[in-house]
Amino acid sequence: MKRYVLNIEEVWQAYSSSLRVMLKSKISDPDDVEDLLQEILIKTHRNIGSLRARDKLKPWLFQLANNTVIDFYRKHGAARDAEPVDLWYEHSEPDVEQQLSECVVPFVRTLPQKTADLLLAVDIEGRSQKAYAAELGVSYSTLKSRVQRGRLKLREAFEQCCHLELDRQGRVVEYRKRQERCGGC
């Protein structure tokens, strides 16, 4: 049985933002999301040696995350009285937001460097806009405007690649790739 040697830092760099988005869609408390993300990192570090095929890394990682969320809800008793049909984790198909979350970082990296750095710091790494503005030596309101413009550019990049259908709250409920315009993510 062949084992593959994977660099945990590279794995985490590639998947942590997608995992964070998935966790945020399942857990409402941001502190719990960060705690679970750290727990997933530890489990990944401990168990990545059991992975037999590189092409199974992503499904393995998301199954690990899914199991961690299930354990979280079991520990906190949220699933105690729920029927299996009501449990979100009984559904095997990833939701639209989870599918598109894998494209966020690649699309951000297609933006101009300053815009990409800004969105990566604020939206992906979760850094405080006020603290980041101070670090860059710009006013908070200037940084907020730049973030908003960057998010608009990111949305335009998504819309050039995909036709998005939104619900009343502006969340993506369905998407279709525009093959002629999209290089994929």
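Summary table below
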quantity	calculated
Computed label-point distance, nm, for sites Asp55 and Glu159 using a 7 Å Cα→Cβ extension	3.7 nm
Rounded FRET efficiency, nearest 0.05, which uses the C-beta distance separating Gln63 from Lys130 and R0 of 30 Å	0.20
Gained length - Leu152 relative to Ser28, 0.36 nm times residue gap less alpha-carbon distance	42.1 nm
Distance from region 48-78 to region 127-147 (C-alpha centre basis), Å	35 Å
Per-residue SASA entry for Lys130, accessible area with 1.4 Å probe, Å² rounded to 10	130 Å²
Amide H partners (placed H, <5 Å) of Cys162, local residues excluded	Arg178
Full-extension gain in nm, Arg178 to Ser141, via 0.36 nm per residue minus C-alpha separation	9.8 nm
Accessible heavy-atom area order of Ser128, Ser16, highest first, probe of 1.4 Å	Ser128, Ser16
With all protein chains modelled, accessible area of Thr110 [1.4 Å, Å²]	100 Å²
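The values are calculated or read from the model by the stated rules, or taken from the named source; none is laboratory data. Everything numeric here is computed off the predicted structure, so don't read it as measured data. Cβ coordinates were reconstructed from backbone atoms using ideal geometry, including for glycine residues, and neighbour counts include every protein chain displayed. Surface accessibility is based on the protein's heavy atoms, side chains included, excluding ligands, DNA and RNA. Shrake-Rupley method; radii C 1.70, N 1.55, O 1.52, S 1.80 Å.
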